[in-house]
Each structure stands twice: as structure tokens, then as C-alpha cells.
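The values are calculated or read from the model by the stated rules, or taken from the named source; none is laboratory data. Since this is a predicted model, take the numbers as computed values, not measurements. For neighbour counting, all protein chains shown are included, and Cβ atoms are generated from backbone atoms with ideal geometry for every residue, glycine included. To get the accessible areas, we keep the full protein, side chains included, count just its heavy atoms, and leave off ligands, DNA and RNA. Shrake-Rupley method; radii C 1.70, N 1.55, O 1.52, S 1.80 Å.
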Amino acid sequence: MKIEFVAKDAAASADTAIAVLAFESGGLSAGAEALDARLSGAAKKAIGAGRFKGKSGDVIELVAPAGVEAGRVLVVGAGEKDKLDASAVETFGATAFKTVKTSGAETLHIAAEGLEPALAAAAAFGARLASYRFDKYRTTEPVEKKPSVTALRVLCDDPKAAEAAYAPLSAIADGVFFTRDLVAEPANILYPVEFATRVKTLEKLGCTVEILGEKEMEALGMGSLLGVGQGSIRESQLAVIQWRGAEDKDAQPIAFVGKGVCFDTGGISIKPADGMEDMKWDMGGAGAVSGLMCALAGRKAKVNVVGILGLVENMPDGNAQRPGDVVKSMSGQTIEVINTDAEGRLVLADALWYCQDRFKPKFMVDLATLTGAIIVSLGHDYAGLFSNDDDLAEKLATAGKATGEQLWRMPLPASYEKQLDSHIADLKNIGGRPGGSITAALFLQKFVNGLPWAHLDIAAVAWRTPGVKATAPDGPTGFGVRLLDRLVRDYYEG
Ligand code: BES
Ligand code: ZN
Ligand code: ZN
């Protein structure tokens, strides 16, 4: 979608829809008042005639009368006027886009007059996030089902300033789309080597990307990660992405680690058929880390960041690992694999250890679609946050609130660690049903070597089934990119 910021008198025509803001208190934004005057009060009349309350997400659509150039007018609720912040304006932009997406309108004008440049930019950001679509495999879709809107014009008082405010948001949206594209891909297309190839493209943004294959990982002693991939004909990979944007390129980095199980059949502990197709997005953690690196490099963030992806496919073939097998991790700890479907933690065990061993980062945050139990605990509006560091946990939760990618902190009680005791090895890979997400996190903690660390269990939030959030259409959400970009921006840049 083409996005421009222009002064208010931009040309409109019959294929233009114009969106204006209305508040819960009943007032209209400056742009809305001006337009209503030209509509001879039609917008206000429509508001008065219906149940429209100006709540975020409320919309009235009017066919514009003769005398107004635009074909249609959208009055979009933005909530209370004194609470109009970036996230309310994002939702406004997203709602406007969704309403006219397939209406036949080709250009969407967003009336952002009277709003600060940062808010005008936020409207464009919201619309852009809502415009995501993964349609590369649709070959027979009738044209009337395809989006008609191809251009967005934000009408504002200071287009130059709004455009400057939008530049970093555009990079973040690119990152979110990078993640969504990876998560949406089916597993016959996106297997570890292909994932690594796509991540290599981040080099054109200035990242360095190294790919380790099975030989290199064997030499490093990554028996835990390799055991998961050994039942697949697809070669396992470890991707190491670096963005060195700080003034001192050698300054201690921060690090993000992603679970990249390109498909999780469960292995020999095979999953039931119903819903197994969802396990193509079991690489959502690695997808989020990739999109984050894309966003940070795209907006030239002044920070040194390492992104590590453990990329495997969990399949049940003649060479697959068996329940009861014992593997040796890079850390030296041995693991009894009781259930081959608890594979994400086995992948992360070696990825986390490698990360802290090689980079000695300030902290590590891992993202993983790790447990079904976190869906039971928190539902679909929160990711689980586990951390050994109160300060890091607090910063993450704050960034979550600011971006709407919300986190809820869960405990890491040492008293549950005995659930991971094995009869023959240092650890076993499952802790039973009680506190399933917690024992998974406690398992990971054994591989962080005392560093400040947080684990985000994103199993409930990486994919949205018929959803409600305007900025994230159904399908891959890109959860984590905005959250972690915000964490970096607010606390670690400069
Ligand atoms: N990838 C799954 C977790 C998952 C479930 C993600 C549903 C998204 C939606 C993970 O590898 C898994 O299978 N976990 C098991 C762990 C169990 C065997 C201890 C689970 O949650 O059932
Ligand atoms: Zn699994
Ligand atoms: Zn999994």
C-alpha cells in the first residue's frame, strides 16, 4: 500500500473514501468538523440517528452527497477525546482501512488535521498493519474479494513532520510483516534451510547473518537441539543474526532467542490429527526474533543486538528420537526425553547456552510457542512472562502495555524443579501436567547460566483465529516485534 502525508486540500475523487474521527464525548475532530460543514451536517445527523457512540471501533459509513469529491465518508469512533493517544489513533486508522478494504474505494484519506505529527503517523501505522494479507497461494480469488484500497493519504497540518515520525514506524511494520510472512508459510515451503535463506536477506539492511548446519552444531555438542531434528530429512539450522547499531560496535549486546520448530508433529509422541496443521506456526518465536531484527536494522536502532534462531523440524521417522532417549546438551547437562513433543525446550536449551557462551549479552529474552498449558492459563490476550530478573520483567511488561502486546508474569518457583528430576539423567524434559508452562520455563532456566533472562511463552498469541483486533487481521499476528522494539527503544538505545 502506497502511503503519503499531504496537506489537507489533497484531491479526492469518487473512488476515494475519507475517514474522520469522532469522540465518545460527542465531539468531532477538527478535520471532521470541516468536512461535516461541507456535508451540510450529514455526518452529525447520521451520528444522532443511530447507536454510534464514538467508541473505539464504532463506524458510520456515508455515501457522500454531490458537492463532496470523495465517494464515501467514514465517521470512526476514537474513544474519549482526552485519552486520544497513539494506540487509539492506530485503531482508528486500522478500523478505517478494514471498513473500506474491499468496498471498491481505491484511495483512503485519513483526516488527521488538528492532530500532532506523531498521531498522524500512528494513524498510517494502524492502517498499514491492518492491510496485511498473505495471498500468494490464491490463484482463483474473484477480484471483488481482493482489497480495492491501494493507497493511503493522511491529511495533516505538517506533512513533513508526520512523514518523519512515520519513518521508524514503517520499519517496524516491515518487521511485523516479515514475521507474519514467515509464520503464515506452510511447512513444505518453510523448512529450516529455507527459513535460514530468508533470514539471510536481512543482510541487505546491514545485519550480519551466520548459519550453522548440523556438522557445526555437532562439533559444538548441541545434542539437545539435534535430537529434535534427527527424525526429519530437513537439515537443522542455527541462525545467528547481528545488528551492531551502537556507537561502539563492540559494546555488550542484548540478545533475543527464538524457537523455530518449522513443523511440530510431536515426533514419536505424535500429536492428534485434529489441529495438527497449526503446528506450521511453531516457529513463531524465531519468526518474531527475525522480524524484530528487521525492524531494528530498518530503523537503524542505536543498539547492539543478537538474534539466535533454533530451526528444526520435529518428525517421526525411523531415525527419530524415542521417548526415553538421553541426549547431551551443549551445556554438558544430560536430558532424558520423556516426551518428544516437548521439543521446543530442547531446541532452546542449546540455543540459549550458545547465546550466553558466545556473546555474554546484558540479558537474553527468548520467545517460543512453548506450551498448550499457557493457553489454558492466560487465554489469548496475554503471553506468559517468566523471568529471573525483576527489572527486566518490569520493563517487558511496561513495553507490553504500551504496544498492546500484553504480558502476564508467571512464577518460577524452585520448589517445582523436582518435577524435572530424572532417574537416569540430569533432567527430564517434561514435568507433568501441574504447572506445565512453569516447569517448561524452569527447564529453560537451567540453560541461561545465571544471566538476566526472560522467557515469553507466545503459544496463545502468535496466531489469531477469527479475531477482534483491528491492527492484527486473523492469521499470523507478528506478536513480539512491536513489544521488543519498544523495549529496545525505551530502555536500551542511545
Ligand atoms: N508447540 C507445542 C505447544 C503449542 C500448543 C503451541 C498449542 C501452540 C499451540 C509444544 O511443542 C508442545 O507440544 N508442548 C506440549 C508439552 C507437553 C508434551 C509437556 C504441550 O503443551 O502439550
Ligand atoms: Zn511439541
Ligand atoms: Zn512445539
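Residues in the stretch 336-368 that are in a loop (DSSP other than H, G, I, E, B) and among the basic types (Lys, Arg): Lys360, Lys362. Within the stretch 380-395, residues that are of a type in the set (Lys, Arg) reach partners that are part of a helix (DSSP H, G or I) with beta carbons closer than 8 Å, at six or more positions or on different chains, in the pairs Lys395/Leu487; Lys395/Asp490; Lys395/Tyr491. Residues that are in contact with a helix residue (DSSP H, G or I) (Cβ under 6 Å, 6 or more places away or on another chain) and within 11 Å of ligand 1 (Cβ to nearest atom) within the stretch 349-376 comprise Ala368, Thr369, Leu370, Thr371, Ala373, Ile374, listed in sequence order. Per the listing Gly324, Gly284, Gly275, Gly332, the residue uniquely in contact with a Leu (Cβ under 9 Å, 6 or more places away or on another chain) and open to solvent by less than 40 Å² (accessible area, probe 1.4 Å) is Gly284. Set side by side, the residues Asp426, Asp391, Asp490 differ, and just one is of a type in the set (Asp, Glu) and buried (at least 16 other Cβ atoms within 10 Å of the Cβ), which is Asp426. Please determine whether any residue of the stretch 398-415 is within 16 Å of ligand 3 (Cβ to nearest atom), modelled with pLDDT of 95 or more and either among the aromatic types (Phe, Trp, Tyr) or surrounded by fewer than 19 Cβ atoms within 10 Å (Cβ to Cβ) (or both). Within the stretch 398-415, none of the residues are within 16 Å of ligand 3 (Cβ to nearest atom), modelled with pLDDT of 95 or more and either among the aromatic types (Phe, Trp, Tyr) or surrounded by fewer than 19 Cβ atoms within 10 Å (Cβ to Cβ) (or both). The sole residue among Lys259, Lys280 that is within 23 Å of Val193 (Cβ to Cβ) and within 12 Å of ligand 2 (Cβ to nearest atom) is Lys259. Considered as a group, the residues in the stretch 238-267 that are within 14 Å of ligand 3 (Cβ to nearest atom) and among the hydrophobic types (A, V, I, L, M, F, W, C) include one that is surrounded by the fewest Cβ atoms within 10 Å (Cβ to Cβ), and that residue is Phe263.
When the stretch 204-236 is filtered for residues that are within 22 Å of the chain's Cα centre (by Cα) and in contact (Cβ under 8 Å) with a residue 60 or more places away in the chain, the ones remaining, listed by number, are Leu205, Gly206, Cys207. Only one of the listed residues (Asp485, Asp474) is open to solvent by 20 Å² or more (accessible area, probe 1.4 Å) and under 20 Å from the mean Cα position of the chain (by Cα). That residue is Asp474. Arg433 fulfils the conditions (1) among the basic types (Lys, Arg); (2) surrounded by fewer than 17 Cβ atoms within 10 Å (Cβ to Cβ); (3) within 13 Å of the chain's Cα centre (by Cα) except for a single criterion, (3). State yes or no: is Asp317 in contact (Cβ under 8 Å) with a residue 12 or more places away in the chain, within 16 Å of ligand 3 (Cβ to nearest atom) and among the charged types (D, E, K, R)? Criteria not met by Asp317. Ile338 passes every criterion in (1) among the hydrophobic types (A, V, I, L, M, F, W, C); (2) within 16 Å of ligand 3 (Cβ to nearest atom); (3) crowded, with 21+ Cβ neighbours inside 10 Å apart from (3). Taking strands (runs of 3 or more DSSP E) as the structural unit, those lying wholly within the stretch 55-111 and holding at least 3 residues that are open to solvent by 40 Å² or more (accessible area, probe 1.4 Å) correspond to 59-63.
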